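Input: a single structure, listed below in structure tokens.
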Amino acid sequence: MSARVNLSTRRRAAVAVCDRAVDAADAATLLAALGLDQSLRPVRRRVPHVAGCVCQSCRSLISTQNARAAAAADPSIVPHGTVNGYDRYKCRCDGCKGARSEYDARRRGAVR
């Protein structure tokens, strides 16, 4: 049991270090300085860190994956003609593309 807890604690520490690192080389240096194994380093940030991770990026990713799976099973749940349909469900119908285009134009206008 203690080996499992120890691995979990080390993995959490590695994730915390990698989240704060500037780049991959920085993460490798920090992990080596702490004596943590490189294999614990997350490969990509958009992949859930560890099973049961509740950070905002992991929760958002899992939620989006579940939404897309539900839309594949029942296409009628996709809100067509909306930015949500374009971004979250990856719908590329004319209505969703138009909504995203209008949204981008408004944001560009607000920045200028």
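The values are calculated or read from the model by the stated rules, or taken from the named source; none is laboratory data. No experiment lies behind these values; they were computed from the predicted model shown. Ideal geometry is used to build each Cβ from the backbone, glycine not excepted, and the neighbour counts take in all protein chains shown.
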Candidate set: region 92-112, residues that are in a loop (DSSP other than H, G, I, E, B) and modelled with pLDDT of 90 or more; chosen: the one surrounded by the most Cβ atoms within 10 Å (Cβ to Cβ)
C93
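Listed here are the residues, each with its yes/no results for (1) of a type outside the set (S, T, Y); (2) within 20 Å of S63 (Cα to Cα).
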position	(1), (2)
A73	yes, yes
S76	no, yes
T82	no, yes
D87	yes, yes
K90	yes, yes
C93	yes, no
A99	yes, no
E102	yes, no
G109	yes, no
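Kindly evaluate S63 against the criterion of being at pLDDT 85 or above, polar (S, T, N, Q) and loosely packed, with under 15 Cβ neighbours inside 10 Å. Before the answer, list the steps.
Working: at pLDDT 85 or above: no; polar (S, T, N, Q): yes; loosely packed, with under 15 Cβ neighbours inside 10 Å: yes.
When the stated conditions are applied, S63 does not pass them.
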